[in-house]
Amino acid sequence: MRRLALLWGLALLCAVALAGCGASASHHAKPAPSPIARAQADHEYRSAPTPRQRSDKTYPTPSAAIAAFARGYINWTADSVTADMARLSAHSIGQARAATQLAAAQTAGDYELRRDGIANSGAVEAIASLAGRANQYVVVTREQTTATGTTAYQGLAPAWHVTIATVSRAGAGAWVVSGWQPQS
């Protein structure tokens, strides 16, 4: 019991001492921590806000925006894929734009993709709102990958794919894809 009282007394003494240090320090303005110091402390780097992204194309409904994006995303050839992804980038915002910009950059220098004549084709089979998630949809596609320069895809059956798509309003009666996250 005595030990507990002693610990409480020490804690109170430290609190009073720290409060006194704070009062004297208030006369000297402390510089704000640098962005790097803040990032190291909270593991998040706060950058300046970017200008609002705009899409080159919008659609009258979320489903129309998603269907158009999905068709462009799944139907490509080795010769068209870089341009197809760049076009989708211009027609989207946010994470979907970043993903298609990355895909365009990666496929631009992909020698094997072109050498092997790889192509993908498919159809959008279903689009449904994701329960409990505003502006998010489940997209089901059926796709087949083929190649003219390799036997690696020979006999490969079409496969079902699921993607979570997010849409954002781009004005009155205008929608654009802002997130594209393939799940399978």
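Only one of 103, 99, 128, 86 is surrounded by fewer than 16 Cβ atoms within 10 Å (Cβ to Cβ) and aliphatic (A, V, I, L, M); which? Just one listed residue meets the conditions, 128. Listed conditions (1) at pLDDT 95 or above; (2) not in a loop (DSSP other than H, G, I, E, B) are all met by residue 18, apart from (1). Considering only residues of the stretch 106-119 that are in contact with a helix residue (DSSP H, G or I) (Cβ under 7 Å, 6 or more places away or on another chain) and either buried (at least 19 other Cβ atoms within 10 Å of the Cβ) or in contact (Cβ under 8 Å) with a residue 60 or more places away in the chain (or both), which is nearest to residue 62 (Cα to Cα)? Among them, the one singled out is 107.
Among residues that are aliphatic (A, V, I, L, M) and either surrounded by fewer than 14 Cβ atoms within 10 Å (Cβ to Cβ) or touching a Phe, Trp or Tyr at 6+ places or on another chain (Cβ under 6 Å) (or both), residue 78 is not included.
Residue 160 meets all of the listed conditions (1) touching a residue at least 40 places away in the same chain (Cβ under 8 Å); (2) under 17 Å from residue 183 (Cβ atoms) but one, namely (1). Assigned to a loop (DSSP other than H, G, I, E, B) and under 20 Å from residue 57 (Cα atoms) - does that describe any residue in the stretch 121-141? There is at least one residue in the stretch 121-141 that is assigned to a loop (DSSP other than H, G, I, E, B) and under 20 Å from residue 57 (Cα atoms). Within the stretch 174-184, the presence of at least one residue that is loosely packed, with under 15 Cβ neighbours inside 10 Å and free of Cβ contacts under 8 Å to residues at least 24 places away in the same chain is confirmed.
Among the residues making up the stretch 106-165, a single one is among the hydrophobic types (A, V, I, L, M, F, W, C), at pLDDT below 95 and touching a Ser or Thr at 6+ places or on another chain (Cβ under 7 Å): 156.
The values are calculated or read from the model by the stated rules, or taken from the named source; none is laboratory data. Fair warning: this is a prediction, and the values are worked out from it, not measured in the lab. Positions of Cβ are generated from backbone atoms using ideal geometry, with glycine treated the same way; all protein chains shown enter the neighbour counts.
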